[in-house]
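Here is the structure we will look at, set down as structure tokens.
No lab work stands behind these numbers, since they all come straight from the coordinates. Model, not experiment: these values are computed from the prediction. All Cβ positions, even for glycine, are placed from backbone atoms using ideal geometry, and neighbour counts span all protein chains on display.
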């Protein structure tokens, strides 16, 4: 589930992810954030992959040894604890991971990385207004991302992308004010915003383990966008293996 503190938001957000998984011929299982450890362990044991969704919360900056920015939202301790449990299980057993928005940030911190707590504060003044990364769900295309050509993500999207020199460009929506800074162990950057260099996707370096995280929200555009559907198909396919 996306959030343990704002249940109305969580119930409103989760069906988009479930629909995206169903369209990819997967079966979505909700992981509540208030289970005891043994209950959680039993539920997780029947899952073949883990999708870490977006959230209204921000990861507690204590986890990456940073002072809290005044722009950083309240942390969701239950969500953080469940994400850590799922990621420990995924890395121990090689289960696929798909992170979306907050899910990317959660994954990166779990792997020892750090976060930019508020993108406008991080960027040089001349770059701050080029892209509105916090455009929101009403803006269907907020900016483009440039994909690393030799990445798993580029391969997944290969049937839907246009080449531009050594990289492919993909139009995306955007609803975030934080992003990855120092990249966690075993991860690499595979997409950036070409206008300001902000990290837009990470993936695992181990080709045998499906670990992919994107900063945008493909679950919002699966009905209209083949690239969004391709991401969920790849995740479900990896889980099926």
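Label sites at residue 224 and residue 183, each approximated as a point 7 angstrom past Cα along Cα to Cβ, lie 3.1 nm apart.
Which peptide among 12-23, 40-51 comes first, and what is the full order, when sorted by highest mean count of other Cβ atoms within 10 Å?
Final packing ranking: 12-23, 40-51.
The mean sequence distance of close C-alpha pairs (under 8 Å, at least 6 residues apart), as a share of the length of the chain, puts its relative contact order at 22 percent. Across every direction, the projection of the convex hull enclosing the Cα atoms of segment 1-116 has a mean area of 7.3 nm². Checking the a/c ratio against 1.5 first, then a/b against b/c, what shape does the Cα gyration tensor give for segment 1-63? Note, shape of segment 1-63 comes out oblate.
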